[in-house]
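See below for the structure under consideration.
The values are calculated or read from the model by the stated rules, or taken from the named source; none is laboratory data. If you're wondering where the values come from, they're calculated on a predicted model, not measured in any experiment. Here Cβ is always computed from backbone atoms with ideal geometry, including for glycine, and neighbour counts include all displayed protein chains. Areas reflect the complete protein model, heavy atoms only, side chains present, ligands, DNA and RNA absent. Shrake-Rupley method; radii C 1.70, N 1.55, O 1.52, S 1.80 Å.
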Amino acid sequence: MEKYRKWRKRLGGGLRQAGIIAAPGLIALTQMRERLAEDHENAQYLAKQLGQIKGIEIVNQVDTNIIVADVKNLKMNSSEFVEKLRAEGVLSGTFGPSYVRFVTHYDVNRSQLEHAITAIQKTADQII
């Protein structure tokens with residue numbers, strides 16, 4: 001029995017606050033499904049705009065709200081690029097040595113995307 005209790009806990013059976021973990025999923029399924037289309041449209045728009053910036057290449061097929069861009073042609077690694085964007089108020093993440101990950105979601109509207117695009121363009125222009 002001790003062996004099975006250990007495995008139950010490893011697989012999440014020991015969670016006491018399961019409702020707190022389940023709540024965001026429930027909201028996503030009941031209130032956000034219709035909104036997903038907007039996130040995906042914003043991602044398509046962002047990918048198109050980023051693809052026009054010299055030194056940035058979109059490496060994934062943008063089918064969801066995630067865009068992965070390669071910045072190796074900017075002669076800096078992804079961590080340096082992400083830090084420069086953070087200083088401009090744009091949050092993104094590294095996704096390998098030269099890949100940067102951008103995500104559109106409920107808290108990102110079109111004007112914020114425009115700000116991000118301008119900041120990314122400015123950052124790329126300073127490097128090239």
To the nearest 0.05, the calculated FRET efficiency linking Q61 and Y106 through their beta-carbon distance, R0 being 25 Å, is 0.65
Sorted by accessible area (1.4 Å probe), largest first, how do R33, R5 line up? R33, R5
In square angstrom, rounded to the nearest 10, how much accessible surface does F102 have for a 1.4 Å probe? 10 Å²
Projected area averaged over orientations for the stretch 28-109, convex hull of C-alpha atoms, nm²: 5.5 nm²
Cβ-derived FRET efficiency at R0 35 Å, E80 paired with E114, nearest 0.05: 0.90
Using 0.36 nm per residue, how much length does the chain from Q44 to L91 gain when fully extended, once their Cα-Cα distance is taken away? 15.1 nm
Taking the full set of protein chains and a 1.4 angstrom probe, give the accessible area of Y99 in square angstrom, rounded to the nearest 10. 80 Å²
Roughly how many Å² is the accessible area per residue of the stretch 9-128, as a whole number, for a 1.4 Å probe? 64 Å²
Ordering M76, M32 by accessible area with a probe of 1.4 Å, largest first, what comes out? M32, M76
Tell me, what is the 1.4 Å probe accessible area of K48, in Å² to the nearest 10? 130 Å²
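Using a probe of 1.4 angstrom, how much of the accessible area of the stretch 1-96 is carbon and sulfur, in percent?
54 percent
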Simple spin-label estimate for R8/R35, 7 Å along Cα→Cβ, in nm, reads 3.7 nm
Taking a straight Cα-to-Cα line shorter than 19 Å from K72, and setting aside same-chain lysines fewer than 8 residues away, one finds K48, K54, K84, K122
